[in-house]
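Notes to accompany the following structure.
The values are calculated or read from the model by the stated rules, or taken from the named source; none is laboratory data. What you see is a predicted model, and the numbers here were worked out from it, not measured in a lab. Cβ: placed from backbone, ideal geometry, glycine included. Neighbour counts: every protein chain shown. The protein model used for the area step is the full one, side chains on, heavy atoms only, and it has no ligands, DNA or RNA in it. Shrake-Rupley method; radii C 1.70, N 1.55, O 1.52, S 1.80 Å.
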Amino acid sequence: MKGLTKWIECLSLDAVIVAVLWGMAMGMRDLAELVVLALATWLTYVADRLRDVAPSRGALMTDRHVYYRDHYKGFVVSWICGFVGVIVLALLALPLWKIGWGLVLVGLILFYLWALRQIERPGSRLLFKRTAVPLIFAAGVCWMAEGWRSHAGIYLTILLFAGALVNVLLISYWENRYKNPPKWLPHMLGAGIVGMFCLSQFGLLYFTASGIGGLVTVFSYFIILLLVQAEKASNVRAWTDLALAAGAVFILVIEILS
């Protein structure tokens, strides 16, 4: 299991799995659209990794970045092929209005990358990155799944944003536990877990399957947090993604059975 999760993480497939499962939880069933969502998510995350390990930058952080540095040319070629593939598939499978909104989302990603370069203080940079990435991620899934068309879809989008936010905060807390983390980090993480718990409780009243899925994820996060604090956690990046994916799986199973 550890080897499988490590490969999923190194190849940046963790975010892809989460995006596809939550897109399906929001009602996506068209295979071509699911492939577009998967490719768009993968291209975004791989581009971010390649930017981090570009030869001109020289900064080296996690083992995932080391893997990207060692296979830099291969990932560049794969990214180019994936980019051409997603453009062709989008033109063939998506309506023009959805392609247009996709370009708006690309613009938001470019703005995020530009704004990130303007922030010099490490704590402020981390805060901006950890809030902007979940927002863009949830917006991307909502765009493809057309989550705004129903109250259940809007609720799921908000729940996904909350889950993705706690996800990245928990990872940051684990990665910085020995590095004098920013003072806001543990407080924001605690508030995020409590907020997602309350949001899931609300969902139980109106969107039962979604509320249960949210509770599955938030309780999983709480267990991971306890393990981190007890210094018994490893590969937290993979486990937090699995927790978020598990929430969507529960939603889908309950909807199928009901």
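Things to note:
- Nitroxide proxy distance, nm - points 7 Å out along Cα→Cβ at TRP7 and VAL194: 4.3 nm
- A 1.4 Å probe over all protein chains sorts MET188, MET28 by accessible area into MET188, MET28, starting with the largest.
- Euclidean distance between Cα centres, the stretch 170-188 to the stretch 86-106, Å: 37 Å
- Placing unit charges on each Cβ (+1 for Lys and Arg, -1 for Asp and Glu) gives the stretch 1-118 a dipole about its Cα centre, and among VAL106, LEU92, ILE17 the Cα reaching farthest toward its positive end belongs to VAL106.
- Residue (of ALA245, TYR178, PHE197) at the positive-pole extreme of the chain, dipole from beta-carbon charges: TYR178
- For the chain, a Gaussian network of Cα nodes joined below 10 Å ranks THR217, THR44, THR240 by mean-square fluctuation, and the top entry is THR44.
- Note on the stretch 75-213: the C-alpha convex hull projects to 10.5 nm² when averaged across all orientations.
- Of the listed residues PHE202, PHE137, the order by accessible area with a 1.4 Å probe, largest first, is PHE202, PHE137.
- Under the simplified labelling scheme, the TYR112-SER124 pair shows an inter-label distance of 2.0 nm, with each label point 7 Å from Cα along Cα→Cβ.
- Residue-level accessible surface for CYS142, protein heavy atoms, 1.4 Å, Å²: 20 Å²
- FRET efficiency, THR62 to LEU31 (Cβ-Cβ, R0 35 Å, nearest 0.05): 0.60
- Taking all protein chains together and a 1.4 Å probe, the residues ILE256, ILE158, ILE8 rank ILE256, ILE158, ILE8 from largest to smallest accessible area.
- Expected 222 nm ellipticity per residue - DSSP helices of 4 or more, -39500 (n - 2.57), all of the chain, to 500: -28000 deg cm²/dmol
- Three-way shape label, the stretch 151-249, alpha-carbon gyration tensor, a/c 1.5: prolate
- Kirkwood hydrodynamic radius of the chain, from inverse mean 1/r over distinct Cα pairs, in Å: 19.0 Å
- Our summary gives the stretch 70-226 a relative contact order of 16 percent, counting only alpha carbon pairs under 8 angstrom and 6 or more residues apart.
- Between TRP184 and LEU205, the C-beta separation translates, for a Förster distance of 30 Å, into a calculated FRET efficiency of about 0.45.
- Put the Cα centre of the stretch 30-49 next to the Cα centre of the stretch 118-162 and the gap is 16 Å.
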